[in-house]
Every structure is written in C-alpha cells, then in structure tokens.
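Let me begin by presenting the structure, written as structure tokens, before commenting on it.
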Amino acid sequence: MNYEKYPNKSLSRSPTLEDVAKAAGLSPMTVSRALNNPKIVRPTTVARVMEAVNLTGYIPNMLAGGLTTRRTKLIAVVVPQINNNMFVDTVQAIGDELALRGYHMLLCIVGYDTDSETDIVATLLSRRPDGIVLTGIHHSSELKRIILNANIPVVEIWDLTPTPLDMLIGFSHEKIGQAVGHYFLGKGYSRFGMVCASDRRAQVRKNSAIDVLRQDPQNVVEEVTLPAPANMEVGRTAFRHLLQKSERFDVIICTSDTLAQGVIMEAEARSLRVPEDLKVIGFADLNFAAHNRPAITTVCVDKSRMGQQAATMLADKIEGLEIAEHVVDIGFSLVVRESA
C-alpha cells in the first residue's frame, strides 16, 4: 500500500478510481470489481481496496456502480412534514428496516400541495431510486403518470384504498372519524367543537365524525379549520375561534394530538378544567399523549409497524420476492385516557 502519496487523505481535486488503484497497487478494473461486485473478488483484495478507499477519501459513484445490476440501493421516501411528530416514527422505522436490507433512504419533505409533490418526485426519480414510498393516495394525474412510467416499486402509506398505484399499507380515516363520532354519541353529549388541520386526511376524519354526530338533529357542531401544519399554537388559536362561536362545548374533537394539547393549554388558561368542564380527544397517539396532564384520549395507529412493513414490502418486491398482500389495513384503536 502506497501510504506516502496520501498522508492526510487530502488532494487538490476529488480522488478518482485511478487514485485508489495506485494506492492499492492494483489495476483500476480490479478496484472497480471489488467496489461494484465484491462477491467475485478475493476477500483479501476487497480489504486492500477498502483500505485504499479510506486512505484516499474516494467516494464511490453508487449510481454508476449500479448500472450493471440496475440498482442504486436508494429508496425515496416522500412525506408532507416532519416538523411535528406525526410522521417521525414511520420515517424512522422505514429507515431502520431499509438499512437492515442494505438500502439507503432519501427523505423528501413536500408539504401538502400536490403540484409540489409532483415536481419534487420527478426530481427524485432522476436519481434512479430502486423504489419509492409516497404518503397518502391522492396524487396529481401527472405524478401518477410519472410513477407508472418509472416502472419501479411503490408503496403508499397513511391511507387506504383497494386500488393503490402498486402496494399500500395504511388505515381508513373515514372509519376513524366514524368511531370517534359514535364514541361521543353514545355518551349523550350534544355540543361539539371540531379543530381540524387543512390537509385532506384530517378533513376526512373530521367530516366522518360530523356525519355521525349529526345523526341526532339536536346536536350542535361547530368547526374551525386552520392551515397545516398542526401545532400547539394552532390548537390554542382554533379553540379561541371556537369560543367566539359558542361559549360552551361538551367535547372538542381534534385531528391531531398536537392540536389537542394546544386546546387543553388554552382551556387551562381560561380556567376550564379538562375533563370536568370539557372533554378533548386527539389523533395518532403521539409519544407525549400518554404523559400529558391530563393524558390525552386519542386514536392510536401503529406508526412504526406501518413504516417497517412498508420498507419490507418495497425491498421484497425490488428483490423479486413474492408479496403476500399488496394492500394491508393495519387498523386503529381508540385509546381512552383522562381527557375524554
């Protein structure tokens, strides 16, 4: 190994494959084989090449190296946001499972605008990922065309439909709204406030709950929708807006735990006791919900399982393994705690 040529791993230009070959005392072809297809190269030679890679600071071109196998080992994961905890557990589980399978996650935040999602996904696909994870099932027709033309495995998450683009793991937002509505309808409450973020899935949960609550024509339902992303400040603001519509509510139904936490904080600031004076429910069972005071009643979805299974489905299809189910409903559960 020619160490003196690269004493500090520093060059005036980016190190090349030829630099690695010189440092290892091997031909560029042998180095290329060791990096791109190490199974056909002796382990001692691979070790020698990797030592030279570390010595020179060479960064292999994984896209070029994947041309022979048509794989880049990249998986694009597209989510609307990570500035609250809603998608964090799912993203973490996807990344962890992909790493176990030898893939790397390319995370992209697209917001809730379908045109933005289309533009960003088109750019991602120029990187030639082996597969892609999309959040939700509502995409622009242009994005659907781009995805189908790319001819790569796709998993949609956080929603449910019998006709996904390719594969899907998620749950029914409509059924969640119905379950929340029936829960409170059965308790005999009559005055309801709805605090909702503006994204499509939250709107489905809200509207489904309202449909159930209005089965009793005497029920009063007021609603406030504020722009995503949902956070505690938005929850507090929304509750203030609700109180301008009515001075009294029995229940506030929120489309996220973060909004519910904001409502509880604003209620406390106004000397309203939860749950004695006001019941509050959230959604998603985020990591703080059980430890809030009062602990937040919510709807739990297994976010980590969803991510792990999405990554498994994608990796299995990339590797030519059989997919037992292309549509998986992970369901949900109502978690009753102190707030409602």
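The values are calculated or read from the model by the stated rules, or taken from the named source; none is laboratory data. On a predicted model such as this, the values are computed, not experimentally measured, just so you know. With ideal geometry, Cβ positions are generated from the backbone for all residues, glycine too; neighbour counts draw on all protein chains shown. In case anyone asks, the SASA skips ligands and DNA or RNA and just uses the protein heavy atoms, side chains included. Shrake-Rupley method; radii C 1.70, N 1.55, O 1.52, S 1.80 Å.
The set of residues from segment 260-288 being farther than 24 Å from His182 by Cβ, open to solvent by 40 Å² or more (accessible area, probe 1.4 Å) and either of a type outside the set (Gly, Ala, Ser) or assigned to a loop (DSSP other than H, G, I, E, B) (or both) comprises Met265, Glu268, Arg270, Ser271, Leu272, Arg273, Asn287, Phe288. Within segment 184-209, residues that are under 18 Å from Val79 (Cβ atoms) and in contact (Cβ under 8 Å) with a residue 12 or more places away in the chain sit with their Cβ atoms under 7 Å from residues that are open to solvent by 50 Å² or more (accessible area, probe 1.4 Å) and in a loop (DSSP other than H, G, I, E, B), at 6+ positions apart or across chains, in these pairs: Ser198/Pro227; Asp199/Tyr112; Arg200/His138. Go through segment 83-142 residue by residue and tally those that are touching a His at 6+ places or on another chain (Cβ under 8 Å) and of a type in the set (Val, Ile, Thr). Selection size over segment 83-142: 2. Pairing residues of segment 218-244 that are closer than 18 Å to Gln203 by Cβ with residues that are open to solvent by 70 Å² or more (accessible area, probe 1.4 Å) and of a type in the set (Lys, Arg), at Cβ distances under 6 Å and at least 6 apart in sequence or on separate chains, gives Glu222/Lys245.
Just need a number here: residues in segment 97-114 that are closer than 23 Å to Arg128 by Cβ, open to solvent by 40 Å² or more (accessible area, probe 1.4 Å) and outside any loop (DSSP other than H, G, I, E, B).
Of the residues in that region, 7 qualify.
With the structure loaded, tell me whether Val336 is open to solvent by 60 Å² or more (accessible area, probe 1.4 Å), more than 24 Å from the chain's Cα centre (by Cα), under 26 Å from Ser208 (Cα atoms) and of a type in the set (A, V, I, L, M) or whether it fails that test. Yes. With respect to the stated conditions, Ala93 fails to be touching a residue at least 24 places away in the same chain (Cβ under 8 Å), in contact with a helix residue (DSSP H, G or I) (Cβ under 9 Å, 6 or more places away or on another chain) and farther than 16 Å from Glu156 by Cα. Counting only strands (runs of 3 or more DSSP E) that fall entirely inside segment 289-340 and contain at least 2 residues that are β-branched (Val, Ile, Thr) and touching a residue at least 60 places away in the same chain (Cβ under 8 Å), the qualifying elements are 327-329.
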